[in-house]
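The values are calculated or read from the model by the stated rules, or taken from the named source; none is laboratory data. Keep in mind that what you see is a predicted model, and the values were worked out from it rather than measured. Please note: Cβ atoms are built from the backbone with ideal geometry, for glycine as well, and neighbour counts cover all protein chains shown. Heavy atoms of the whole protein, side chains included, go into the accessibility calculation; ligands, DNA and RNA do not. Shrake-Rupley method; radii C 1.70, N 1.55, O 1.52, S 1.80 Å.
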Amino acid sequence: MKTLKTSIFIIVLGLSISTFAQESQKDSTHVDKTSYYQKRAHEDAKFEQHFVAENESEEKEFWSEQKAYERDLKKRDKKAYKAYMQGKKDAYAEHYEHCNNHCHHSDHYYHHATFYYYRYDGYYNRYPSRGSSINTNIRLNAPNVRVGLF
């Protein structure tokens with residue numbers, strides 16, 4: 001009986017340790033994913049800041065592809081999207097500090113840069129998640145009163 005209790009205790013202890021190890025792996029992959037997308041955002045922002053298109057159509061195509069990537073990332077993984085956008089915002093703010101008249105950016109660049117400077121803060125939190133809202137319907141019935149003449 002004592003060996004049965006000891007063996008059950010060892011099995012439970014082993015399972016709890018393996019569960020704890022798996023949870024720590026999940027946390028480390030979450031941190032790795034967040035840091036990966038922030039690093040990727042910094043690299044993308046640096047490329048965007050130094051991008052020079054040969055013509056207008058090439059520039060429009062470049063910016064539409066970039067926005068499509070961000071939309072797809074938002075659909076696939078919201079946490080990765082949030083990390084990516086925060087990384088882009090930080091990179092654009094860093095560039096803004098030393099960007100003056102020696103930087104020659106296009107109109108498309110400034111149009112998209114304003115999104116990272118001003119609009120992203122409220123954009124992500126503008127629409128709360130659909131699961132957090134509560135809808136209530138209250139219906140009150142009033143009594144019917146009829147008046148008859150005959």
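Observations
- Stretch gain in nm, segment His105-Ile138, where the contour uses 0.36 nm per residue and the Cα spacing is subtracted: 6.3 nm
- Heavy-atom SASA rank of Asp90, Asp44 (probe 1.4 Å, accessible area, largest first): Asp90, Asp44
- Take the Cβ atoms of Asp72 and Tyr96, set R0 to 25 Å, and the FRET efficiency comes out at 0.40.
- Largest to smallest accessible area among Ile11, Ile138 [probe 1.4 Å]: Ile138, Ile11
- Net length gained if the chain between Lys79 and Phe115 were fully extended (0.36 nm per residue, minus Cα distance): 11.1 nm
- Kirkwood-Stokes translational diffusion coefficient of the stretch 54-101, alpha-carbon pairs, 10 °C, 1.306 mPa s, µm²/s: 128 µm²/s
- Taking all protein chains as they are arranged and a probe of 1.4 Å, the heavy atoms of Glu43 leave approximately 100 Å² accessible to solvent.
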